[in-house]
Amino acid sequence: MKKQILIDTDPGIDDTLAILLALASPELELKGLSVVCGNCTVDQGVGNALGVLEVLHRQVQVARGADRPLVQPLLIAPETHGGTGIGYARLPVSTFAPIAKRAAEFIIEQVLAAPGQICLVCIGPLTNLAMAIRLEPSIVNAIPEVIIMGGALRHPGNTTPQAEFNVYCDPHAAHIVFHSGLPITLVPLDVTYQAILTQQDVDRLLCLPSPVSRLIADATRFYMEFHDQYQGINGCVINDPLALALAFAPGLVDLGSLYVDVDISGGVSLGNTYADFFHLTENEPNMSVALGVRPREFIELFLERMEGLCRSYPM
Ligand code: BDR
Ligand code: CA
């Protein structure tokens, strides 16, 4: 049986790659996309989500979510993802509209309609999920797994020296989710910064002329320029597809049980995610954390799935 998933996302270049990976993976049934502000505004994100689905002629419910974090002011990332959220790529305008339900209500509806069956993959700021938990706390016992791309434990932050983007955007939402009792698998920068897609990898996809390879090449060209200019990285870090891949290939990473918290005290370490590696707080672990990864195995899997999509959608 396929694993049913909902993706909560701020698309976003690597979010777009994660959505493509979900649609390319026969192990998964994508039940819907809920969109949150983050890499771009929520309206741009909804347009991008619908545009990616249009490229593949796929109909999946898209729910518009929060247009700002719970407490913090809106923060978007045009320097990382471009002015529209998808770098140099141009997506077709979709003939479909987002559903009327808001993201938090959509998550609640889907989860309660199939208790114990729907896995959440959260690859943006956690505002929508935090709102869903506050609206309907009983969802916590009905969700079997939440995979979250977020945080930086031993790795430096990518937004402040101490904080990762998704958590920094809405640290209060992350705090609610981390302490909710949900069964969380956290995929922090510690592992995602080893998952680097290179230009050589993209060239391999371009051997298969397709709107999919074109989209990936145009989006990642911008993303690679950002990584080169800001972080001296040759290639681009594809955080969100790694998190998504764990929904069907958990063996790509090594997991450890840890107590992880997020700083919401408001100083220079706002949004810092810290793990109690030495059990100093005596708090019980509240999540599973990806601490090691086989990066080339993951990139190879990603490329094979994208090649499959390119063959299914030739130019
Ligand atoms: C996360 O922030 C965004 O830039 C990416 O889409 C990813 O979800 C990495 O910190
Ligand atoms: Ca994202």
Would you calculate, for the chain, the mean residue ellipticity at 222 nm contributed by helices, counting each DSSP H stretch of 4 or more residues as -39,500 (n - 2.57) and dividing by all residues, to the nearest 500? -10500 deg cm²/dmol
Ignoring any ligand, DNA or RNA, what whole percent of the accessible area of the chain comes from carbon and sulfur when the probe is 1.4 angstrom? 53 percent
Spatial separation of Cα centroids for the stretch 279-315 and the stretch 1-53, in angstrom: 15 Å
In Hz, Karplus ³J(HN,Hα) per residue of the stretch 55-67 (6.51, -1.76, 1.60; θ = phi - 60°; x = Gly, Pro): 4, 9, 6, 10, 10, 9, 5, 10, 10, 6, x, 5, 9
In nm², the average projected area of the convex hull spanned by the Cα atoms of the stretch 152-233 is 7.1 nm²
So for the chain, Kirkwood radius off the Cα pairs, Stokes-Einstein at 20 °C and 1.002 mPa s: how many µm² s⁻¹? 112 µm²/s
Looking at the stretch 159-198, I'd like the Rg to Rh ratio, where Rg is from alpha-carbon atoms and Rh is Kirkwood's inverse mean 1/r. 1.04
For the stretch 1-68, what does the accessible surface come to per residue with a 1.4 Å probe? Please give it in Å². 29 Å²
Once Rh for the stretch 247-315 is found with the Kirkwood sum over Cα pairs, what is the Stokes-Einstein diffusion coefficient at 20 °C and 1.002 mPa s, in µm²/s? 141 µm²/s
Answer rounded, prolate or oblate for the stretch 77-175, using the Cα gyration tensor with square roots of eigenvalues a ≥ b ≥ c: rounded when a/c is under 1.5, else prolate when a/b is larger than b/c, else oblate. oblate
Between Ile76, Ile133, Ile99, which gets the highest mean-square fluctuation from a Gaussian network model of the chain, Cα cutoff 10 Å? Ile99
Roughly speaking, what is the centre-to-centre gap between the stretch 179-230 and the stretch 92-135 when only Cα atoms are used, to the nearest Å? 24 Å
Packing-wise, with mean Cβ within 10 Å as the measure, how do 253-262, 59-68, 10-19, 108-117 rank, highest first? 10-19, 59-68, 253-262, 108-117
Note, the stretch 190-203: 3J(HN,Hα) by Karplus (6.51, -1.76, 1.60, θ = phi - 60°), whole Hz, Gly/Pro = x, goes 3, 9, 5, 6, 9, 8, 10, 8, 9, 4, 4, 4, 5, 4
Using amide H atoms built in the peptide plane, which far-off residues or other-chain residues are under 5 Å from Gly87 H to H? Gly82
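The values are calculated or read from the model by the stated rules, or taken from the named source; none is laboratory data. Note that the structure is a prediction, hence the values are computed from the model and not measured. As a convention, Cβ positions derive from the backbone with ideal geometry for all residues, glycine included, and neighbour counts pool all protein chains shown. Accessible surface areas use protein heavy atoms only, side chains included; no ligands, DNA or RNA. Shrake-Rupley method; radii C 1.70, N 1.55, O 1.52, S 1.80 Å.
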